[in-house]
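Below you'll find the structure, written out as C-alpha coordinates, and then a few comments.
The values are calculated or read from the model by the stated rules, or taken from the named source; none is laboratory data. This one's a predicted model, so the numbers in the text were calculated from it and none came from an experiment. In this analysis, Cβ positions are derived from the backbone assuming ideal geometry, glycine residues included, and neighbour counts consider all displayed protein chains. Areas reflect the complete protein model, heavy atoms only, side chains present, ligands, DNA and RNA absent. Shrake-Rupley method; radii C 1.70, N 1.55, O 1.52, S 1.80 Å.
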Amino acid sequence: MATENTKCLIIGSGPAGYTAAIYASRANISPILYEGIQPGGQLTTTSEVENFPGYPEGVMGAQLMEDLRKQASRFGADIRTGIINEVDFTQRPFTVTADDGTTIVAETVIVATGASAKYLGLPDEQRFAGLGVSACATCDGFFYRGRTVAVVGGGDTACEEALYLSGLAKQVYLIVRKDFLRASKVMQQRVMDKDNIKVLFNTNTLGLFGNEFLEGAHLVEFAGTDKERKFDVNIDGFFLAIGHKPNTDIFKGKLDLDEQGYIVLAGKDQSTSVPGVFAAGDVADSHYQQAITAAGTGCRAALDVEHFLMEHQ
Ligand code: NDP
(Lines give C-alpha, C1' and ligand atoms only; values in the text may rest on other atoms or scores of the structure.)
Protein backbone atom coordinates (compact mmCIF):
# COMPACT_ATOMS: atom_id res chain seq x y z
CA MET A 1 0.00 0.00 0.00
CA ALA A 2 1.02 3.62 -0.61
CA THR A 3 3.19 5.56 1.79
CA GLU A 4 2.93 9.35 1.70
CA ASN A 5 4.79 12.11 3.49
CA THR A 6 3.25 15.30 4.79
CA LYS A 7 4.24 18.22 6.98
CA CYS A 8 0.86 18.13 8.71
CA LEU A 9 -1.86 15.51 9.01
CA ILE A 10 -5.23 16.69 10.35
CA ILE A 11 -7.51 13.97 11.73
CA GLY A 12 -11.16 15.02 11.85
CA SER A 13 -13.43 17.34 9.93
CA GLY A 14 -15.58 19.38 12.28
CA PRO A 15 -15.12 23.16 12.63
CA ALA A 16 -11.76 22.51 14.36
CA GLY A 17 -10.32 20.27 11.63
CA TYR A 18 -11.47 22.42 8.72
CA THR A 19 -10.32 25.67 10.36
CA ALA A 20 -6.92 24.09 11.05
CA ALA A 21 -6.83 23.09 7.37
CA ILE A 22 -7.65 26.64 6.22
CA TYR A 23 -4.84 28.14 8.32
CA ALA A 24 -2.28 25.42 7.56
CA SER A 25 -2.99 25.63 3.80
CA ARG A 26 -2.64 29.41 3.78
CA ALA A 27 0.73 28.95 5.54
CA ASN A 28 1.88 26.71 2.61
CA ILE A 29 2.01 23.65 4.85
CA SER A 30 -0.17 21.64 2.39
CA PRO A 31 -1.97 19.58 5.03
CA ILE A 32 -3.70 16.27 4.43
CA LEU A 33 -7.05 16.02 6.24
CA TYR A 34 -8.91 12.75 6.88
CA GLU A 35 -12.62 13.41 7.42
CA GLY A 36 -13.35 10.45 9.70
CA ILE A 37 -16.54 8.54 10.46
CA GLN A 38 -18.84 11.58 10.35
CA PRO A 39 -17.61 14.03 7.66
CA GLY A 40 -18.40 17.53 8.88
CA GLY A 41 -18.75 16.37 12.47
CA GLN A 42 -21.59 16.88 14.94
CA LEU A 43 -22.92 20.04 13.26
CA THR A 44 -24.14 18.00 10.32
CA THR A 45 -26.68 16.40 12.67
CA THR A 46 -28.15 19.68 13.89
CA SER A 47 -30.58 21.79 11.91
CA GLU A 48 -30.06 25.55 11.83
CA VAL A 49 -27.02 27.18 13.44
CA GLU A 50 -27.86 30.70 14.61
CA ASN A 51 -24.93 31.42 16.91
CA PHE A 52 -21.98 31.13 14.51
CA PRO A 53 -20.76 34.71 13.93
CA GLY A 54 -21.14 36.01 10.39
CA TYR A 55 -24.53 34.49 9.59
CA PRO A 56 -27.15 37.05 10.62
CA GLU A 57 -29.96 34.91 9.20
CA GLY A 58 -28.53 31.63 10.56
CA VAL A 59 -27.16 28.78 8.48
CA MET A 60 -27.93 25.08 8.25
CA GLY A 61 -25.28 23.04 10.11
CA ALA A 62 -24.52 20.91 7.05
CA GLN A 63 -24.17 24.03 4.86
CA LEU A 64 -21.78 25.67 7.32
CA MET A 65 -19.56 22.60 7.27
CA GLU A 66 -19.71 22.41 3.46
CA ASP A 67 -18.62 26.08 3.32
CA LEU A 68 -15.71 25.44 5.71
CA ARG A 69 -14.69 22.42 3.64
CA LYS A 70 -14.75 24.44 0.40
CA GLN A 71 -12.74 27.20 2.03
CA ALA A 72 -10.05 24.71 3.09
CA SER A 73 -10.01 23.12 -0.40
CA ARG A 74 -9.68 26.52 -2.04
CA PHE A 75 -6.29 26.99 -0.39
CA GLY A 76 -5.10 23.52 -1.34
CA ALA A 77 -5.89 21.30 1.65
CA ASP A 78 -5.93 17.65 0.55
CA ILE A 79 -9.26 16.52 2.04
CA ARG A 80 -9.92 12.80 2.00
CA THR A 81 -12.83 10.57 2.85
CA GLY A 82 -11.54 7.92 5.21
CA ILE A 83 -10.75 7.00 8.75
CA ILE A 84 -7.42 6.94 10.53
CA ASN A 85 -7.41 3.74 12.53
CA GLU A 86 -3.86 3.46 13.86
CA VAL A 87 -1.26 5.95 15.04
CA ASP A 88 2.35 5.52 16.10
CA PHE A 89 3.53 8.57 18.02
CA THR A 90 6.65 6.93 19.48
CA GLN A 91 8.99 8.79 17.12
CA ARG A 92 8.85 11.74 14.78
CA PRO A 93 7.94 11.80 11.93
CA PHE A 94 4.83 9.97 13.07
CA THR A 95 3.42 6.98 11.23
CA VAL A 96 -0.32 6.83 10.82
CA THR A 97 -2.47 4.30 8.95
CA ALA A 98 -5.77 4.97 7.20
CA ASP A 99 -8.57 2.44 6.72
CA ASP A 100 -7.72 2.02 3.01
CA GLY A 101 -4.24 0.86 4.02
CA THR A 102 -2.46 4.12 3.15
CA THR A 103 0.44 4.93 5.46
CA ILE A 104 1.04 8.60 6.16
CA VAL A 105 4.36 9.74 7.54
CA ALA A 106 3.64 13.10 9.17
CA GLU A 107 5.97 15.66 10.72
CA THR A 108 3.08 17.01 12.78
CA VAL A 109 -0.46 15.85 13.56
CA ILE A 110 -3.54 17.83 14.60
CA VAL A 111 -6.14 15.66 16.33
CA ALA A 112 -9.61 17.13 15.82
CA THR A 113 -11.75 14.01 16.16
CA GLY A 114 -14.41 15.66 18.35
CA ALA A 115 -16.77 14.12 20.85
CA SER A 116 -20.05 12.36 20.34
CA ALA A 117 -23.13 12.97 22.45
CA LYS A 118 -24.35 9.88 24.19
CA TYR A 119 -27.87 8.72 23.32
CA LEU A 120 -30.16 6.37 25.23
CA GLY A 121 -30.21 3.89 22.37
CA LEU A 122 -33.95 4.06 21.68
CA PRO A 123 -34.88 3.50 18.00
CA ASP A 124 -37.20 6.54 18.23
CA GLU A 125 -34.22 8.83 18.88
CA GLN A 126 -33.07 8.27 15.29
CA ARG A 127 -36.60 8.61 13.93
CA PHE A 128 -37.05 12.07 15.49
CA ALA A 129 -33.46 13.30 15.05
CA GLY A 130 -33.78 16.96 13.98
CA LEU A 131 -37.58 16.65 14.37
CA GLY A 132 -37.66 17.13 18.14
CA VAL A 133 -34.67 15.14 19.41
CA SER A 134 -31.47 17.04 20.06
CA ALA A 135 -28.33 16.72 22.14
CA CYS A 136 -27.57 20.45 22.24
CA ALA A 137 -29.87 22.97 23.94
CA THR A 138 -27.64 25.93 23.02
CA CYS A 139 -27.89 24.92 19.35
CA ASP A 140 -31.58 24.04 19.11
CA GLY A 141 -33.32 25.47 22.20
CA PHE A 142 -34.39 28.63 20.42
CA PHE A 143 -36.81 26.64 18.24
CA TYR A 144 -38.79 25.65 21.36
CA ARG A 145 -39.77 29.10 22.57
CA GLY A 146 -43.08 28.93 24.42
CA ARG A 147 -43.26 25.14 24.01
CA THR A 148 -42.79 22.11 26.27
CA VAL A 149 -39.53 20.17 26.34
CA ALA A 150 -37.79 17.44 28.34
CA VAL A 151 -34.13 17.08 29.24
CA VAL A 152 -32.69 13.68 30.17
CA GLY A 153 -29.87 13.46 32.71
CA GLY A 154 -29.02 14.51 36.23
CA GLY A 155 -25.53 15.99 35.88
CA ASP A 156 -24.28 19.53 35.47
CA THR A 157 -24.88 19.47 31.72
CA ALA A 158 -28.51 18.40 32.15
CA CYS A 159 -29.10 21.11 34.77
CA GLU A 160 -27.41 23.72 32.59
CA GLU A 161 -29.49 22.68 29.57
CA ALA A 162 -32.70 22.65 31.63
CA LEU A 163 -31.93 26.14 33.00
CA TYR A 164 -31.12 27.46 29.53
CA LEU A 165 -34.31 25.98 28.11
CA SER A 166 -36.39 27.29 31.02
CA GLY A 167 -35.67 30.79 29.71
CA LEU A 168 -37.20 29.89 26.35
CA ALA A 169 -39.73 27.10 26.83
CA LYS A 170 -43.04 27.25 28.67
CA GLN A 171 -42.37 24.04 30.61
CA VAL A 172 -39.26 21.88 31.06
CA TYR A 173 -39.29 18.32 32.43
CA LEU A 174 -35.97 17.06 33.77
CA ILE A 175 -35.98 13.27 33.53
CA VAL A 176 -33.60 11.79 36.14
CA ARG A 177 -33.15 8.04 36.48
CA LYS A 178 -32.06 8.13 40.14
CA ASP A 179 -33.69 9.77 43.17
CA PHE A 180 -31.04 12.52 43.23
CA LEU A 181 -29.24 14.91 40.93
CA ARG A 182 -25.55 14.26 40.40
CA ALA A 183 -25.00 17.95 39.53
CA SER A 184 -23.21 20.42 41.80
CA LYS A 185 -25.29 21.81 44.67
CA VAL A 186 -25.48 25.28 43.18
CA MET A 187 -26.87 23.91 39.90
CA GLN A 188 -29.36 21.73 41.77
CA GLN A 189 -30.59 24.75 43.69
CA ARG A 190 -30.99 26.83 40.55
CA VAL A 191 -33.05 24.06 38.96
CA MET A 192 -35.23 23.68 42.04
CA ASP A 193 -35.79 27.46 42.16
CA LYS A 194 -37.25 27.56 38.64
CA ASP A 195 -41.03 27.42 38.59
CA ASN A 196 -41.18 26.04 35.06
CA ILE A 197 -38.75 23.12 35.59
CA LYS A 198 -40.34 19.95 36.91
CA VAL A 199 -37.87 17.27 37.99
CA LEU A 200 -39.12 13.71 37.43
CA PHE A 201 -36.93 11.57 39.71
CA ASN A 202 -36.68 7.76 39.42
CA THR A 203 -37.89 8.06 35.85
CA ASN A 204 -36.72 6.43 32.63
CA THR A 205 -37.74 6.92 29.02
CA LEU A 206 -39.34 3.93 27.30
CA GLY A 207 -40.00 5.53 23.92
CA LEU A 208 -41.04 8.61 21.97
CA PHE A 209 -44.12 9.23 19.88
CA GLY A 210 -45.46 11.61 17.26
CA ASN A 211 -46.38 11.74 13.60
CA GLU A 212 -43.92 13.78 11.57
CA PHE A 213 -42.56 15.72 14.56
CA LEU A 214 -42.08 14.63 18.15
CA GLU A 215 -45.25 14.90 20.23
CA GLY A 216 -44.41 13.11 23.46
CA ALA A 217 -42.50 10.54 25.48
CA HIS A 218 -43.52 7.28 27.16
CA LEU A 219 -42.00 7.27 30.65
CA VAL A 220 -41.80 4.85 33.54
CA GLU A 221 -41.37 5.73 37.21
CA PHE A 222 -39.87 3.26 39.73
CA ALA A 223 -39.33 0.68 36.98
CA GLY A 224 -39.17 -2.90 38.23
CA THR A 225 -40.58 -2.14 41.70
CA ASP A 226 -44.08 -2.52 43.12
CA LYS A 227 -44.48 1.26 42.75
CA GLU A 228 -43.89 1.07 38.96
CA ARG A 229 -46.05 3.53 37.01
CA LYS A 230 -46.06 4.09 33.25
CA PHE A 231 -47.20 7.46 31.94
CA ASP A 232 -46.83 9.82 28.96
CA VAL A 233 -45.77 13.46 28.76
CA ASN A 234 -46.61 15.68 25.80
CA ILE A 235 -43.42 17.39 24.65
CA ASP A 236 -42.16 19.14 21.52
CA GLY A 237 -38.47 18.71 22.26
CA PHE A 238 -36.41 15.90 23.85
CA PHE A 239 -32.86 16.89 24.82
CA LEU A 240 -30.22 14.31 25.70
CA ALA A 241 -27.73 15.48 28.33
CA ILE A 242 -26.29 12.20 29.56
CA GLY A 243 -22.71 13.07 28.71
CA HIS A 244 -20.37 13.13 25.73
CA LYS A 245 -17.78 10.60 24.75
CA PRO A 246 -14.57 12.02 23.26
CA ASN A 247 -13.46 10.19 20.14
CA THR A 248 -10.06 9.18 21.48
CA ASP A 249 -10.10 5.37 21.39
CA ILE A 250 -7.13 5.18 18.99
CA PHE A 251 -5.08 7.57 21.17
CA LYS A 252 -5.33 5.57 24.42
CA GLY A 253 -1.83 4.94 25.72
CA LYS A 254 -0.39 7.26 23.03
CA LEU A 255 -1.45 10.69 24.33
CA ASP A 256 -2.24 11.84 27.87
CA LEU A 257 -6.02 11.66 28.38
CA ASP A 258 -8.05 12.73 31.40
CA GLU A 259 -10.30 10.34 33.31
CA GLN A 260 -13.17 11.01 30.88
CA GLY A 261 -10.93 10.32 27.88
CA TYR A 262 -10.43 13.93 26.72
CA ILE A 263 -6.94 14.87 25.45
CA VAL A 264 -4.99 16.82 28.06
CA LEU A 265 -3.28 19.89 26.62
CA ALA A 266 0.31 20.29 27.75
CA GLY A 267 0.46 24.05 28.20
CA LYS A 268 -1.04 27.32 27.07
CA ASP A 269 -1.11 26.33 23.40
CA GLN A 270 -2.74 23.32 21.67
CA SER A 271 0.20 20.95 22.18
CA THR A 272 -0.38 17.53 23.72
CA SER A 273 1.89 15.24 25.76
CA VAL A 274 3.73 14.32 22.52
CA PRO A 275 5.73 17.19 20.95
CA GLY A 276 4.53 17.67 17.37
CA VAL A 277 1.01 16.34 18.08
CA PHE A 278 -1.61 19.03 18.67
CA ALA A 279 -5.29 18.80 19.56
CA ALA A 280 -8.21 21.08 18.70
CA GLY A 281 -11.94 21.21 19.25
CA ASP A 282 -14.17 19.13 21.51
CA VAL A 283 -11.68 16.25 21.73
CA ALA A 284 -9.63 18.43 24.09
CA ASP A 285 -12.48 20.47 25.55
CA SER A 286 -15.14 18.96 27.80
CA HIS A 287 -16.37 22.38 28.84
CA TYR A 288 -17.27 24.83 26.03
CA GLN A 289 -18.01 22.45 23.14
CA GLN A 290 -19.24 25.12 20.74
CA ALA A 291 -18.59 25.32 16.97
CA ILE A 292 -16.94 28.72 17.32
CA THR A 293 -14.63 27.63 20.16
CA ALA A 294 -13.69 24.51 18.17
CA ALA A 295 -12.91 26.67 15.12
CA GLY A 296 -10.83 28.97 17.34
CA THR A 297 -8.72 26.13 18.69
CA GLY A 298 -8.33 24.74 15.15
CA CYS A 299 -6.77 28.06 14.17
CA ARG A 300 -4.50 27.96 17.23
CA ALA A 301 -3.37 24.40 16.47
CA ALA A 302 -2.43 25.32 12.89
CA LEU A 303 -0.44 28.33 14.12
CA ASP A 304 1.27 26.05 16.67
CA VAL A 305 2.16 23.63 13.86
CA GLU A 306 3.65 26.48 11.83
CA HIS A 307 5.86 27.49 14.79
CA PHE A 308 6.81 23.91 15.51
CA LEU A 309 7.88 23.27 11.91
CA MET A 310 9.96 26.46 11.86
CA GLU A 311 11.71 25.46 15.08
CA HIS A 312 12.35 21.88 13.88
CA GLN A 313 13.54 22.57 10.34
P1 NDP B 1 -22.25 13.40 34.00
O2 NDP B 1 -21.56 12.12 33.72
O3 NDP B 1 -21.82 14.20 35.17
O4 NDP B 1 -23.81 13.13 34.19
C5 NDP B 1 -24.50 12.34 33.30
C6 NDP B 1 -25.92 12.22 33.81
O7 NDP B 1 -26.64 11.48 32.85
C8 NDP B 1 -26.04 11.51 35.15
O9 NDP B 1 -27.08 12.06 35.90
C10 NDP B 1 -26.40 10.08 34.73
O11 NDP B 1 -27.19 9.41 35.66
C12 NDP B 1 -27.25 10.36 33.51
N13 NDP B 1 -27.27 9.23 32.62
C14 NDP B 1 -26.21 8.59 32.06
N15 NDP B 1 -26.63 7.60 31.28
C16 NDP B 1 -27.98 7.59 31.36
C17 NDP B 1 -28.99 6.79 30.79
N18 NDP B 1 -28.69 5.79 29.96
N19 NDP B 1 -30.27 7.08 31.09
C20 NDP B 1 -30.59 8.11 31.90
N21 NDP B 1 -29.69 8.90 32.48
C22 NDP B 1 -28.39 8.65 32.20
O23 NDP B 1 -22.15 14.21 32.62
P24 NDP B 1 -22.30 15.76 32.34
O25 NDP B 1 -22.25 15.91 30.88
O26 NDP B 1 -23.45 16.33 33.06
O27 NDP B 1 -20.97 16.38 32.96
C28 NDP B 1 -19.68 15.94 32.52
C29 NDP B 1 -18.62 16.67 33.34
O30 NDP B 1 -18.59 18.04 32.97
C31 NDP B 1 -18.93 16.62 34.84
O32 NDP B 1 -17.72 16.53 35.53
C33 NDP B 1 -19.58 17.94 35.11
O34 NDP B 1 -19.44 18.37 36.44
C35 NDP B 1 -18.84 18.84 34.13
N36 NDP B 1 -19.68 19.98 33.76
C37 NDP B 1 -19.51 21.12 34.46
C38 NDP B 1 -20.27 22.22 34.18
C39 NDP B 1 -20.06 23.45 34.97
O40 NDP B 1 -19.24 23.42 35.86
N41 NDP B 1 -20.75 24.51 34.66
C42 NDP B 1 -21.29 22.21 33.12
C43 NDP B 1 -21.42 20.94 32.47
C44 NDP B 1 -20.62 19.88 32.79
P45 NDP B 1 -26.58 8.79 37.01
O46 NDP B 1 -26.34 9.94 37.93
O47 NDP B 1 -27.67 7.87 37.43
O48 NDP B 1 -25.33 8.07 36.62
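Worth pointing out:
- The chain, dipole about Cα centre (Lys/Arg Cβ +1, Asp/Glu Cβ -1), debye to the nearest 20: 480 debye
- The chain: angle of helix 156-166 to the longest principal axis, Cα-based, in degrees nearest 10: 60 degrees
- The chain: Cys lacking any partner C-beta under 4.7 angstrom: C8, C159, C299
- In order along the stretch 84-99, phi translates into HN-Hα couplings of 8, 10, 8, 10, 10, 9, 6, 8, 9, x, 7, 10, 9, 10, 9, 5 Hz, rounded to whole numbers, per the Karplus curve 6.51 cos²θ - 1.76 cosθ + 1.60 with θ = phi - 60° and x for Gly and Pro.
- With all protein chains in place and a 1.4 Å probe, the accessible surface of the chain carries 48 percent carbon and sulfur.
- Sites listed here are GluC sites (Glu not before Pro) in the stretch 204-259 whose DSSP assignment is loop and whose Cβ has at most 13 other Cβ atoms within 10 Å: E212, E228, E259.
- Long-range amide H partners of I79 with built H, under 5 Å: L33
- In the complete set of protein chains, residue-level accessible area for R145 is approximately 140 Å², probe 1.4 angstrom.
- Counting heavy atoms of the protein chains alone, K227 has an accessible area of about 120 Å² for a 1.4 Å probe.
- Remark on E215: its backbone amide H falls under 5 Å from those of F209, G210, a criterion applied only to residues 5 or more positions apart or on other chains, H modelled at 1.01 Å from N.
- Point-to-point label distance, I37-K268, nm (Cα→Cβ direction, 7 Å offset): 3.6 nm
- If you bin all the Cα-Cα distances of the chain at 20 Å, starting from zero, the percentages per bin are 32, 50, 18, 0.
- In the chain, the DSSP-assigned H stretches of four residues or longer account for a calculated mean residue ellipticity at 222 nm of -7500 deg cm²/dmol, using -39500 (n - 2.57) per stretch and the full residue count as denominator.
- The heavy atoms of K252 present about 130 square angstrom of accessible area, all protein chains included, probe 1.4 Å.
- Under 5 Å from the amide H of E4 lie the amide H atoms of T103, I104, V105, each residue being 5 or more positions distant or on a separate chain, with H modelled from the backbone and absent for Pro and chain starts.
- Phi angles of the stretch 23-37 translate, via the Karplus equation with coefficients 6.51, -1.76, 1.60 and θ = phi - 60°, into HN-Hα couplings of 5, 5, 5, 5, 8, 6, 8, 6, x, 9, 10, 9, 6, x, 5 Hz per residue; Gly and Pro are given as x.
- In this label model, I292 and E57 are separated by 2.0 nm, measuring between points 7 Å along each Cα→Cβ vector.
- Once the chain from E50 to K70 is taken as fully extended at 0.36 nm per residue, the excess over their C-alpha distance is 5.2 nm.
- With protein chains left intact and a 1.4 Å probe, residues in the chain average 49 Å² of accessible area per residue.
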